[in-house]
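Colleague: I have a structure I would like to understand better, so I am pasting it below and will then ask my questions one at a time.
The values are calculated or read from the model by the stated rules, or taken from the named source; none is laboratory data. The structure presented is a predicted model; accordingly, all values stated were derived computationally and were not measured. Here the Cβ positions follow ideal geometry from the backbone for every residue, glycine too, while neighbour counts run over all protein chains shown.
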Amino acid sequence: MHIRHLLPRSLCCLVAIGALVVPATPAAVAVDGAGCVDLSVPVALVAGTAPTARVSGTWCRPAGWGAGGPGDVDVLLAGATYTRSYWNWPTDPARYSWLSRTVGAGRAVLAIDRIGSGASTHPPGAALDLTVDAATVHQVLGRLRATEPVGRVTLVGHSLGSGVALVEAATYHDVDRLVLTGMLHSVGSGLASTLASFAPAPVTSLLGALVGTTTSSPAGPDPGYLTTLPGTRMAAFYAASADPAVVAYDEAHRDVVAATELAGYPTLLLPPALNLSRLVDVPVLAVAGQQDALLCGGTLDCTDPVAVRANELPFYPAAPSLDVLTVPLTGHDVTLHPSSGATFSAVDAWICAH
C-alpha cells in the first residue's frame, strides 16, 4: 500500500505499565508528555553464561501510564552505524522523534543501542553477529516482561536493526508484531557502493578528523568495527527531499558496526525455503522508502507496492498477515525524511489494527 492512514488516529493502543524495567537515572532526552529514563540491562554474549555486557536504552511512557494494567510496548532497534538517537533525532526532535509520537499514541517505548553501538558495551568486533545481537535483544525483552506487566510487544527495526528484529522474532517467538523498516528481500542499485563505503573505524576516524567529522561510538582501535567514509551518507541513506541539516549531523555523528554483523546480512537474503523469515509467526509490516538505494532500483521497483508485497510474501509463510508500506520521496532512513510524521501515522494505525 502507499502511505496512508489505516485507521483514524486515536489512542487505540492506550496502555498502562508499572515500575521501571531496571534501576535507572534520568534520561538525557526530552519527550513531550512522557516520563523517560536511561537504563542499562546486563546481558550475556554466550548462552548459559553470566552477563558480561550491558545494553543501554531509553524507556519512555505516557503521563499517567500504569493505572490500568498490562499494555503495549514498542521496542526500537536502529541500523548499522546508528544509535538510539535515530529514533529521536537531535537536530529537530519535534519533527523526527518516533519516541514522542509513540508516547503520543499511548504506548510505552524502549529504544535501545544494539550491543556494540552507542552507549552499550563494545565487545571485540569479531564476537558479534546477528545471532548474538538477537540473543541480547531477547534478554532485554525478558527483563522487560519480568519486571513490568507488559501486554503486546511490537519489535520495530531499521535496516540492520530490522535484520536483528527478524532473527529475534524467528528464533525466540516472544514478540507480538514485527515492523521492518529499511529491509526487504532485494538488492538495490546502490547496495554495492554503500557497502564499499565502509572501512575500519580507526581509519575513518582519522580521515574524519581531517574534514571535521567523527564517530560517536567508543569502538577504540578495534579494526573489527567499521563505519562509513566521510561524505558518503547522503547517497547511501537519503533522498533529495532530506533536510541538509539532518544529513550534516548524521555525517558528524556516525556510529560503528561490527564487520561480522554486516557479513551476516546476506543470510537474510537467502531463498524463502532457507530464510529465517519463514519462522516468523506474527503479523509483519515491511516499510521502505521508494528511493531507498539499498533496496530499490535493482531487483525491485519500490514505487509499485503490489510488486513489493509480491516479492516479500513468499518469505513469510507462517506470518498471519503481511502488509507493505512504500513511502514516496524517501530514502533508506525513513524516520529522517520530511515524510516521517506520515510514515509514523501509517505504522501506528497498523499496530493498532493488529
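Colleague: Of the residues that sit in the range 187-222 and are over 30 Å from VAL308 (Cβ atoms) and touching a helix residue (DSSP H, G or I) at 6+ places or on another chain (Cβ under 6 Å), which one is modelled with the highest pLDDT? I'd like the intermediate steps shown before the answer.
Modeller: Start the filter on the range 187-222 by keeping residues that are over 30 Å from VAL308 (Cβ atoms), which leaves 199-222.
Within this subset, residues satisfying the condition of being touching a helix residue (DSSP H, G or I) at 6+ places or on another chain (Cβ under 6 Å) are 213-215, 219, 221-222.
Details: THR213: 52, THR214: 53, THR215: 51, ALA219: 51, PRO221: 59, ASP222: 84.
Among residues in the range 187-222 that are over 30 Å from VAL308 (Cβ atoms) and touching a helix residue (DSSP H, G or I) at 6+ places or on another chain (Cβ under 6 Å), the one modelled with the highest pLDDT is ASP222.
Colleague: In the range 258-302, what residues are among the polar types (S, T, N, Q) and within 17 Å of VAL164 (Cβ to Cβ)?
Modeller: Start the filter on the range 258-302 by keeping residues that are among the polar types (S, T, N, Q), which leaves 260, 267, 275, 277, 290-291, 299.
Selection gives THR260, THR267, ASN275, SER277.
Colleague: Return the pairs, sorted by first residue and then second, in which the second residue is surrounded by 15 or more Cβ atoms within 10 Å (Cβ to Cβ) and among the hydrophobic types (A, V, I, L, M, F, W, C), the first residue lies in the range 309-326 and is part of a loop (DSSP other than H, G, I, E, B), the beta carbons are less than 6 Å apart, and the residues are 6+ apart or on different chains.
Modeller: Pairs found: TYR316/VAL280; TYR316/VAL284; TYR316/LEU322; ALA319/VAL280; ALA319/VAL284.
Colleague: Moving on. Just a yes or no: is a residue in the range 108-131 in contact with a Leu (Cβ under 8 Å, 6 or more places away or on another chain), in a helix (DSSP H, G or I), surrounded by fewer than 24 Cβ atoms within 10 Å (Cβ to Cβ) and among the β-branched types (Val, Ile, Thr)?
Modeller: Within the range 108-131 (the criterion being in contact with a Leu (Cβ under 8 Å, 6 or more places away or on another chain), in a helix (DSSP H, G or I), surrounded by fewer than 24 Cβ atoms within 10 Å (Cβ to Cβ) and among the β-branched types (Val, Ile, Thr)), the answer is no, since none of the residues qualifies.
Colleague: Also, quick follow-up: Within the range 60-77, how many residues are within 15 Å of GLY142 (Cβ to Cβ) and aromatic (Phe, Trp, Tyr)? Break it down into steps so the answer makes sense when it comes.
Modeller: Here is the first cut: in the range 60-77, the residues within 15 Å of GLY142 (Cβ to Cβ) are 73, 75.
Next cut, aromatic (Phe, Trp, Tyr) only: none.
Here the count works out to 0.
Colleague: Next question. Does the range 70-78 include one or more residues that are at pLDDT below 95, in contact with an Asp or Glu (Cβ under 9 Å, 6 or more places away or on another chain), outside any strand (DSSP E or B) and not small (Gly, Ala, Ser)?
Modeller: yes
Colleague: Does the range 53-68 hold any residues that are without any contact (Cβ under 8 Å) to a residue 40 or more places away in the chain and in contact with a Leu (Cβ under 6 Å, 6 or more places away or on another chain), and which are they?
Modeller: none
Colleague: Ok, one more. So which residues in the range 228-239 are free of Cβ contacts under 8 Å to residues at least 24 places away in the same chain, over 18 Å from the mean Cα position of the chain (by Cα) and either within 18 Å of THR83 (Cβ to Cβ) or surrounded by fewer than 15 Cβ atoms within 10 Å (Cβ to Cβ) (or both), if there are any at all? Walk me through how you get there before you give the answer.
Modeller: Filtering the range 228-239 for residues free of Cβ contacts under 8 Å to residues at least 24 places away in the same chain gives 231, 233-234.
Now restrict to residues that are over 18 Å from the mean Cα position of the chain (by Cα): 231, 234.
Across the range 228-239, the qualifying residue is only GLY231.
Colleague: Just to be sure, is ALA105 at pLDDT below 95, surrounded by fewer than 24 Cβ atoms within 10 Å (Cβ to Cβ), aliphatic (A, V, I, L, M) and touching a helix residue (DSSP H, G or I) at 6+ places or on another chain (Cβ under 9 Å)?
Modeller: Working: at pLDDT below 95: yes; surrounded by fewer than 24 Cβ atoms within 10 Å (Cβ to Cβ): no; aliphatic (A, V, I, L, M): yes; touching a helix residue (DSSP H, G or I) at 6+ places or on another chain (Cβ under 9 Å): yes.
The answer is no for ALA105.
Colleague: Further question: Restricting attention to the range 296-347, which residues are surrounded by 22 or more Cβ atoms within 10 Å (Cβ to Cβ), closer than 15 Å to LEU285 by Cα and among the charged types (D, E, K, R)?
Modeller: GLU312 - this is the single residue of the range 296-347 that is surrounded by 22 or more Cβ atoms within 10 Å (Cβ to Cβ), closer than 15 Å to LEU285 by Cα and among the charged types (D, E, K, R).
Colleague: Taking the range 147-172, which residues are in a helix (DSSP H, G or I), touching a helix residue (DSSP H, G or I) at 6+ places or on another chain (Cβ under 6 Å) and closer than 22 Å to GLY71 by Cα?
Modeller: GLU168, TYR172
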